[in-house]
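Asks: My questions all concern the structure below.
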Amino acid sequence: MSGPRIEALLSQMTLSEKIGQLVMLAAGFSVTGPIIGGDASGAVREGRAGSLLNVFGPGAVRDIQRVAIEQSRLKIPLILGFDVVHGHRTVFPVPLGEAAAFDPTLWEQTARASAREAAADGVALTFAPMLDVSRDPRWGRVVEGAGEDAFVQSLFGAAKVRGFEGESLGESGTVAATVKHFVAYGAASAGRDYASTDMSERTLRETYLPPFQAAIAAGCAAVMPAFSDLSGVPMTANGPLLDGWLRGEAGFRGVVISDYNAVAELVAHGVATDLAEAAALALRAGVDIDMMSGAYEQGLPLALQRGLVTLGEIEASVRRVLELKERLGLFDDPMRGLGADGAAPLMAAHRELAREAARRSAVLLRNRGDILPLSERPQRIALIGPLADAPTDMMGSWSGAGEARDSVTVLDGLRAARPDCDIGHARGVGVDEADESGPDAALALAREADLVILAIGEARDMSGEAASRTGLDLPGDQANFARAVLDLGRPTVVLLSSGRPLAVPWLFERAGAVLATWFLGSEAGHAVADLLTGRASPSGRLPITWPRSVGQVPIFFGERPSGRPASDGHYTSKYIDLPTTPLFAFGYGLTYGRVSYSALGVEPPRPRRGDTITVAVDLFNDGEHPAEETVFLFIRKPVARVARPLLELKGFSRLSLAPGERARTVMALPVSALAFPGPDLRPAVEPGDYEILVGPSADRAQLLRQVVHVEEGGA
Ligand code: GLC
């Protein structure tokens, strides 16, 4: 129940002012939707807007907040929202890249740093983390989430919420987290953004809802519904899931903020004839704030007149919004400790964290003949390709208030790390257009070099919102350029920068080494140089299965078995033109070490409900370099009342191994974690045999396996 201050305020508010608290308008600092924001000061002064997005910086925030608290009738402070997804001024790796670190502590730290910078710029709420599990790399927004697995996405989302919100939203340096996009947005039909999604309730409960449950448990302040419909019901009007599951079963007590223009888009979805109906559907489903569609401001008064909504329903949403403003401390300090100089002074302290996060996000996929790390002797290096000196692209999509001038490019980083080397640079080709100077200069440089470093991949705007692709190839003429470089026969290291896995098996066949660098953010160049020179050992692991071809999509390790599992047999679940296996499995990633696994121990062999299973395994690094190893713990229930996935991820742990070092890592697996929705969709632990599998990736050939038998009974 809200406090006396809110009730007193509510009792003074006119209908227009009540609806105004449910309106979020876009200011013009950044464009993130189809309707361009402008000067919102009039609406703020007249109490017709209670929050804004895309405005930040001490001057602008102070000005607009003063309009609210000094010029409006009731002087209610504004919530200022912004997409602080993977950084504010200091840009960290894109989420799909940072997920490769498999480190919740790191994920929380970068969110914490981002919140400090954003809050110093006057941002009170971020539209992040994105919790959308996705198994379809054609979908552009796969870059914004933590990959294909619900367990990883849950840990990632909870860590981000903790990092953004700190101990209390009343403290300075915190921002309210708006987890998004509720729900199953990543299952867009054909991988096309905003397209319909359709799935069984079982899949929804096993894969797409758990990350939101985890974020709610971590205390997220707000939730944003997806643009998409789920089995015909647009999420912005989905009462059973918003009011039923989110506020009911999951116990969410915060604010629901629509996506950009999504309330009005209920008309385009074909479930509302006008803005009044759209507004009524959204409000009654549980959407408190209408972002930038005008439906609440224009439609709710009409909906009230038509009896489509009640004043009580409007006031319930207003209460939740005012409660969030109270939690944020806005009534006591509308400027929330706004720094005179904003975020800039905080950046220096975040540089090392950005470099560490970038190092840990890159994934070494190929390293033939240990071509990496680079030789310590001075050499001629040809650094070529369109992403070698690309400060804007290094930031990736949704780069917040990041500025390209703050990016360290690969060229910057390599020259700083190896001043003893003669490092020549030429683009040779654009990302998706020819380079004005043509490929000859780059090829000539490569021909004379001791080593070629080829920086290729996608531009940052080829993933993210409204950026789905039909193919997973190298864009433009890069494939031909790369083949021409490889034909020179010089030792070649490829830096593959992208917002999704790229299906380029030929490149992995021919290159000496391939480092997947996603979009690593402000410190990209230093981090890449640290890895190439061996100052740090690559440790990233794939948070998403890497396909051979787009024709295999969706492809993920948690698939259900078939009655005719893929094999060499004719009548089996396979393709006639490609293997069914991916190019690289979920969890795959090389280090400079050489780590082997042995002596899997699982205790007790016959656990009961309420027990915790202990899983231990020996690791040995018999390489010549240190290794940061990530050990994955999977389970499989081979027989159950409902067919279970081929593998389910239940844990992972990281450990460092010096050359020649042996270590034993131990992971705990509560029997309760074996629960899954039974035939009645209620979560339960089914007795019987469970395979416990441990190893470096979801490639079963690499997993050590033991079987435990869960007894009937127990807590
Ligand atoms: C965009 C995105 C959403 C973002 C919002 C505000 O359309 O779908 O993720 O938070 O608008 O920019």
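Asks: Net charge near Glu297: determine it from the other residues with C-beta under 13 Å of the C-beta of Glu297, scoring Lys and Arg +1 and Asp and Glu -1. Write down the numbers at each step before the final one.
Replies: On the way: positive: Lys18, Arg48; negative: Glu17, Glu46, Asp290.
Spelling it out: positives minus negatives among the neighbours equals -1.
Asks: Tell me, how many Å apart are the Cα centres for the stretch 406-457 and for the stretch 108-140?
Replies: 32
Asks: Over all alpha-carbon pairs of the stretch 71-139, lay out the pair-distance distribution in 5 Å bins, whole %, shortest bin first.
Replies: Spelled out bin by bin, the stretch 71-139 gives 3, 14, 23, 20, 14, 10, 6, 4, 3, 2 percent.
Asks: At what distance in angstrom do the alpha carbon centres of the stretch 31-88 and the stretch 230-292 lie from each other?
Replies: Between the Cα centres of the stretch 31-88 and the stretch 230-292 lies a distance of 23 Å.
Asks: In deg cm²/dmol, rounded to 500, what helix-only [θ] at 222 nm does the chain give when every DSSP H run of at least 4 residues adds -39500 (n - 2.57) and the total is split over its residues?
Replies: Working: 18 runs with 177 residues, N = 715.
So the helix-based figure for the chain works out to -7000 deg cm²/dmol.
Asks: With the calculation restricted to Cα positions, what are the radius of gyration and Dmax of the stretch 1-136 in angstrom?
Replies: 17.4, 51
Asks: Assign unit charges at the C-beta atoms only (+1 for Lys and Arg, -1 for Asp and Glu), then state the dipole size of the chain relative to its Cα centre in Debye, rounded to the nearest 20.
Replies: Working: 69 positive and 87 negative charges, 231 e Å.
My answer is approximately 1120 debye.
Asks: Taking the alpha-carbon distance from Lys18 and a cut-off under 19 Å, which lysines remain once sequence neighbours fewer than 8 residues away in the same chain are dropped?
Replies: Cα-Cα hits under 19 Å: Lys75, Lys325.
Asks: Straight-line reach from Lys650: which lysines fall under 25 Å, measuring Cα to Cα and dropping same-chain residues less than 8 apart?
Replies: Answer for Lys650, where 25 Å is the Cα cut-off: Lys160, Lys180, Lys637, listed by chain and number.
Asks: Expressed as a whole percentage, what fraction of the accessible surface of the stretch 595-710 belongs to carbon and sulfur atoms when a 1.4 Å probe is rolled over the protein heavy atoms?
Replies: Of all accessible area on the stretch 595-710, carbon and sulfur atoms account for 51 percent.
Asks: Then there's this: Within the stretch 519-559, which residues have the backbone N less than 19 Å from the label spot 7 Å out from Ser375 along Cα→beta-carbon, could you tell me?
Replies: Inside the label zone: 532-535.
Asks: In addition: Could you tell me the relative contact order of the stretch 81-324? Use alpha-carbon pairs under 8 Å, at least six residues apart, and round to a whole percent. Provide the component values of the computation, followed by the final result.
Replies: Working: 522 pairs, mean separation 36.5, N = 244.
Relative contact order for the stretch 81-324 comes out at 15 percent.
Asks: May I ask for the Kirkwood hydrodynamic radius of the stretch 192-321, worked out over all distinct Cα pairs and given in angstroms to one decimal?
Replies: In the stretch 192-321 this quantity evaluates to 14.8 Å.
Asks: Just to check I understand the Karplus step: with θ = phi - 60° and J = 6.51 cos²θ - 1.76 cosθ + 1.60, what whole-Hz values come out for the stretch 138-143, glycine and proline as x?
Replies: Per-residue couplings from phi come out as 5, 5, x, 7, 4, 5 Hz.
Asks: Which semi-axes, in whole Å and largest first, does the equivalent ellipsoid of the stretch 410-531 have when worked out from the alpha carbon gyration tensor as the square roots of 5 times its eigenvalues?
Replies: Rounded to whole Å, the semi-axes are 22, 18, 14.
Asks: Place the peptides 254-266, 211-223, 665-677 in order of packing, highest mean first, counting for every residue the other Cβ atoms within 10 Å and averaging per peptide.
Replies: 254-266, 211-223, 665-677
Asks: Treating only the Cα positions of the stretch 595-710 as identical point scatterers, give the base-10 log of I(q)/I(0) from the Debye formula at each q in 0.14, 0.16, 0.17 Å⁻¹.
Replies: -0.58, -0.73, -0.80
Asks: By per-residue mean of other Cβ atoms within 10 Å, what is the highest-first order of 197-209, 472-484?
Replies: Put in order of decreasing packing, that is 472-484, 197-209.
Asks: Find the relative contact order for the stretch 549-639 and round it to a whole percent, using C-alpha pairs within less than 8 Å whose residues are 6+ positions apart.
Replies: 23
Asks: Between Ser196 and Ala217, what FRET efficiency comes out of the Förster formula 1/(1 + (r/R0)^6) with R0 = 35 Å and r the beta carbon distance, rounded to 0.05?
Replies: E(calc), rounded to 0.05, equals 0.75.
Asks: Gly57: net charge of surrounding residues, Cβ under 13 Å, Lys/Arg +1, Asp/Glu -1, itself excluded?
Replies: Summing Lys/Arg as +1 and Asp/Glu as -1 gives -3.
Asks: Over 16 Å, how big is the tail of the calculated P(r) for the stretch 364-465, in percent of all Cα pairs?
Replies: 63
Asks: Turning to a different aspect of this structure: Using the scaling law 2.2 N^0.38 Å as the reference, what is the normalised Cα Rg of the stretch 521-647? Don't skip to the answer; put the middle values down first.
Replies: Numbers: Rg = 19.2 Å, N = 127, 2.2 N^0.38 = 13.9 Å.
So the Cα radius of gyration is 1.38 times the expected 2.2 N^0.38 Å.
Asks: Sticking with this one: Run the reach check for Lys574 against aspartates and glutamates, Cα to Cα strictly under 20 Å, same-chain hits fewer than 8 apart removed. What comes back?
Replies: Asp136, Glu559, Asp699
Asks: Sticking with this structure for a sec: Applying a 10 Å radius around every beta-carbon, put 403-412, 85-94 in order of their mean neighbour count, most first. If you can, show how the numbers build up before the last one.
Replies: Working: 403-412: 19.2, 85-94: 30.2.
Most protected by this proxy first, the peptides run 85-94, 403-412.
Asks: In a solvent-free Debye calculation with one equal scatterer on each Cα, what is log10 I(q)/I(0) for the stretch 509-572 at q = 0.22 Å⁻¹, listed in the order of the q values?
Replies: Results for the stretch 509-572 at q = 0.22 Å⁻¹ read -1.08.
Asks: So, one more: Using the heavy atoms of the protein chains alone and a 1.4 angstrom probe, what is the accessible area of the stretch 190-312 per residue in square angstrom? Don't skip to the end; give the middle numbers.
Replies: Details: 4170 Å² over 123 residues.
Per residue, the stretch 190-312 has 34 Å² of solvent-accessible surface.
Asks: Continuing with the same structure: With only alpha-carbon atoms in the gyration tensor, what are the semi-axes of the equivalent ellipsoid for the chain, in Å, largest first?
Replies: 42, 32, 23
Asks: Shape call for the stretch 320-372 from the C-alpha gyration tensor, a ≥ b ≥ c root eigenvalues: rounded (a/c under 1.5), prolate (a/b greater than b/c) or oblate?
Replies: Numbers: a/c = 8.02, a/b = 2.54, b/c = 3.15.
It is oblate, given that a/c is not under 1.5 and a/b is not larger than b/c.
Asks: Does the stretch 81-324 classify as rounded, prolate or oblate by the C-alpha gyration tensor (a ≥ b ≥ c root eigenvalues; a/c under 1.5 gives rounded; else a/b over b/c gives prolate, otherwise oblate)?
Replies: Numbers: a/c = 1.89, a/b = 1.33, b/c = 1.42.
Oblate is the answer for the stretch 81-324, as a/c is 1.5 or above yet b/c matches or exceeds a/b.
Asks: Further question: Where Rh denotes the Kirkwood radius from the mean inverse Cα pair distance, what is Rg over Rh for the stretch 106-197?
Replies: 1.04
The values are calculated or read from the model by the stated rules, or taken from the named source; none is laboratory data. Given the structure is predicted, the values throughout are model-derived calculations rather than measurements. Glycine gets a Cβ as well: all are built from the backbone with ideal geometry, and neighbour counts include every protein chain shown. Heads up: the accessible areas ignore ligands, DNA and RNA and are worked out on the full protein's heavy atoms, side chains in. Shrake-Rupley method; radii C 1.70, N 1.55, O 1.52, S 1.80 Å.
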